[in-house]
Amino acid sequence: MNMEHTQSQTEKRQTVSGSVGSIAHDLTNLLCGMSICTSLLEDEFAENEESRKLLKQFHLSIESARKLTAQLRVLSKDHAA
């Protein structure tokens, strides 16, 4: 019974790890699109100081989200094994 429980827990961890990895992958793709759009807007509003500041903050937030997503991907790989 204990061995079956351990195997069941391992299978659950692998399932969750796979889901986390998949979500992290999708988030990475979304963040890439957001980053490209932000860069284009920065070019478009280069003359407007206020808009540039806001877009820079948005870009920094995207980078923070990318770092967190990368950590999720590493975590999912560590727990899949």
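The values are calculated or read from the model by the stated rules, or taken from the named source; none is laboratory data. Treat the numbers as computed from the prediction; the structure is a model and nothing was measured. Cβ sites come from the backbone with ideal geometry, for glycine too, and all protein chains shown count toward neighbours. These area figures cover heavy atoms from the full protein model, side chains too; ligands, DNA and RNA do not enter into them. Shrake-Rupley method; radii C 1.70, N 1.55, O 1.52, S 1.80 Å.
Relative to the longest principal axis of the C-alpha atoms of the chain, give the angle of the C-alpha long axis of helix 49-80, reported between 0 and 90° and rounded to the nearest 10°.
10 degrees
Based on DSSP H runs of at least 4 residues, each adding -39500 (n - 2.57), what is the mean residue ellipticity at 222 nm of the chain after dividing by all its residues, to the nearest 500 deg cm²/dmol?
About -34000 deg cm²/dmol.
Please give the length that would be gained between Gln71 and His59 if that part of the chain were fully extended, namely 0.36 nm times their separation in residues minus their C-alpha to C-alpha distance (nm, one decimal).
2.4 nm
Can you tell me the dipole magnitude for the chain around its Cα centre, using point charges on the Cβ only (Lys, Arg +1; Asp, Glu -1), in Debye to the nearest 20?
400 debye
Per-residue accessible area for Val16 at 1.4 Å probe radius, Å² rounded to 10?
90 Å²
On a 0 to 90 degree scale, rounded to 10, what angle separates helix 2-44 from the longest Cα axis of the chain?
It works out to around 10 degrees.
Find which of Gln7, Ile23, Cys37 sits farthest along the positive direction of the dipole of the chain, computed with +1 on the beta-carbon of Lys and Arg, -1 on that of Asp and Glu, about the Cα centre.
So the residue we want is Gln7.
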